[in-house]
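A.B. asks: Have a look at the structure that comes next, please.
The values are calculated or read from the model by the stated rules, or taken from the named source; none is laboratory data. On a predicted model such as this, the values are computed, not experimentally measured, just so you know. Reconstructed Cβ throughout: ideal geometry from the backbone, glycine too, with neighbour counts over all protein chains shown.
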Amino acid sequence: MKRTDSFVAYSGETTNELLTYPAQGQRDSLVRAFEEGLQRKLSRTGERALNKEERTILAVRALDREVNNGGYHQFFCNSSKRFAPEIVQSLSRIGCRRTAKITQRAINALSAAPLTVARIEAAMRKTSEERDRELERCDEWFYRTPQGIPRRLYAFIKTTSERIRL
């Protein structure tokens, strides 16, 4: 079957193969394809096989997906919380400084320093109207901030492509 310029779905392509698709109008789909490829790699080889760039992609995608679907509360309650200790740095690394600041506020609302998955779980089990109000404020700021996360993440992937192995 001949390949077209329209990306349909991830089917085992390499980093270089995915980057040959035109980004215009397809960045979201291509970024999701990188996430899927890295998730497959993770299930095959384990967490330790991922480098900093690959973890950055997974962390940022997890935050973007979870917050857009259910807010910071969802990010901290789902398995995505494993990326919480590195998410602010990951957002800054791809150039999303405003989102990094909002996310740091959401993390601060947990009062779970030093930040670990166990401390996040403990914080989220406790009832806290103050925390929940602050997370809702962070959700609102996140939604009102022109994110550009897929665009910035795609640019990050392009500039670090030699370090990304699907």
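A.B. asks: What number goes with the only condition from (1) more than 25 Å from THR15 (Cβ to Cβ); (2) crowded, with 18+ Cβ neighbours inside 10 Å; (3) touching a residue at least 24 places away in the same chain (Cβ under 8 Å) that ARG98 does not pass?
C.D. replies: (2)
A.B. asks: Testing SER90 on (1) within 25 Å of GLU13 (Cα to Cα); (2) surrounded by fewer than 22 Cβ atoms within 10 Å (Cβ to Cβ); (3) at pLDDT 95 or above, one condition comes back false. Which one is that?
C.D. replies: With (1) within 25 Å of GLU13 (Cα to Cα); (2) surrounded by fewer than 22 Cβ atoms within 10 Å (Cβ to Cβ); (3) at pLDDT 95 or above applied to SER90, the lone miss is (2).
A.B. asks: Pick from the stretch 39-70 the residues that are of a type in the set (A, V, I, L, M, F, W, C) and surrounded by fewer than 19 Cβ atoms within 10 Å (Cβ to Cβ): which of them is nearest to ILE94 (Cα to Cα)?
C.D. replies: Only one residue fits best here, namely LEU50.
Here's the yes/no breakdown for (1) within 22 Å of GLU140 (Cβ to Cβ); (2) within 13 Å of the chain's Cα centre (by Cα):
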{"position": "PHE34", "(1), (2)": "no, yes"}
{"position": "GLY37", "(1), (2)": "no, no"}
{"position": "THR45", "(1), (2)": "no, no"}
{"position": "ARG98", "(1), (2)": "yes, no"}
{"position": "ARG105", "(1), (2)": "yes, no"}
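A.B. asks: Let me ask something else about it. Given the options PHE34, PHE75, name the one that is within 19 Å of ALA155 (Cβ to Cβ), at pLDDT 95 or above and touching a helix residue (DSSP H, G or I) at 6+ places or on another chain (Cβ under 9 Å).
C.D. replies: Of the residues listed, the single one that is within 19 Å of ALA155 (Cβ to Cβ), at pLDDT 95 or above and touching a helix residue (DSSP H, G or I) at 6+ places or on another chain (Cβ under 9 Å) is PHE34.
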